[in-house]
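In what follows, a single structure is set out as structure tokens and then discussed.
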Amino acid sequence: MSSPSRDDKLAAWRAAEQAMRASLGAPGSMSLAQVSTLLPQEFFDRIGSGELPSPPFGHLLDFIPLEWSSGRFVFQGTPDARHYNPLGSVHGGYAATLLDSCMGCAIHTQLQRGQGYTTTDLRVSYIRPLSSTVGPIRAEGRIVHVGRSTALAEGRIYDVDDRLYAVGSTTCLILNMPG
């Protein structure tokens, strides 16, 4: 069986993004006490269905949560001129933000009710520049290790042709959130 063409894959990526955008609620946030009552899968599923507000920061930078499962999280967005630095390419902070988000959320998927996390260390290696001509990109985070007090994850940013743009790793501190 042949693999899908680039055009078919691009159409599938855009359709998945459009479907998720249609189901997301308005941007907003919740209190730590509210979030602490939810299991991670329930939290992300309810964001994805529009029952809970979508992350305001994703709205600001125009990227969305696309797929999540235990130990894995994917965001998708399309960089454009709004994300440019003065040198005419997408600012490195855009890629760093997507990596921080996908890796942190991958860690979140394996936490217990009442736990949260915060990034203590973020490492990013840029492979090639992002621009408005790249098209949609995905930032995929995967768990490396989750312990009692810290967790580690890795991430990568790639396009529909599986070209790599950046890789990263993070250490997060696991916190007990107020209930």
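Values in this text are rule-based calculations from the coordinates and carry no lab data. Quick caveat, the model's predicted, so the values are computed rather than measured. Counting neighbours? That spans all protein chains shown, and the Cβs are built from the backbone with ideal geometry, glycine included.
A few remarks follow.
Results for (1) over 18 Å from the mean Cα position of the chain (by Cα); (2) over 25 Å from Ser70 (Cβ atoms); (3) among the β-branched types (Val, Ile, Thr), shown as yes or no for each residue.
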| site | (1), (2), (3) |
| --- | --- |
| Ser3 | yes, yes, no |
| Asp7 | yes, yes, no |
| Arg14 | no, yes, no |
| Gln18 | no, yes, no |
| Ser23 | no, no, no |
| Leu38 | yes, no, no |
| Gln41 | no, no, no |
| Phe44 | no, no, no |
| Ile47 | no, no, yes |
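- Candidate set: the range 11-54, residues that are of a type in the set (S, T, N, Q) and farther than 25 Å from Asn176 by Cα; chosen: the one surrounded by the most Cβ atoms within 10 Å (Cβ to Cβ): Ser23
- Residues that are within 18 Å of Cys105 (Cα to Cα), surrounded by fewer than 18 Cβ atoms within 10 Å (Cβ to Cβ) and under 17 Å from the mean Cα position of the chain (by Cα), drawn from the range 138-170: Arg142, Val144, Leu152, Tyr158, Val167, Ser169
- Restricting attention to the range 21-36 and to residues that are out of contact with any Ser or Thr (no Cβ under 7 Å at 6 or more places or on another chain) and part of a helix (DSSP H, G or I), the residue that is farthest from Asp62 (Cα to Cα) turns out to be Ala33.
- Pairs with Cβ under 6 Å, 6+ apart, first in the range 151-179 and in contact (Cβ under 8 Å) with a residue 24 or more places away in the chain and farther than 12 Å from Cys102 by Cβ, second outside any strand (DSSP E or B) and of a type in the set (Ser, Thr, Tyr): Ile174/Ser149; Met177/Ser36; Gly179/Ser36
- When each of Gly104, Gly168, Gly114, Gly141 is tested for being at positive phi and touching a Ser or Thr at 6+ places or on another chain (Cβ under 9 Å), the lone residue that passes is Gly114.
- Within the range 44-128, strands (runs of 3 or more DSSP E) holding 2 or more residues that are touching an Asp or Glu at 6+ places or on another chain (Cβ under 7 Å) and more than 26 Å from Gln18 (Cβ to Cβ): 115-126
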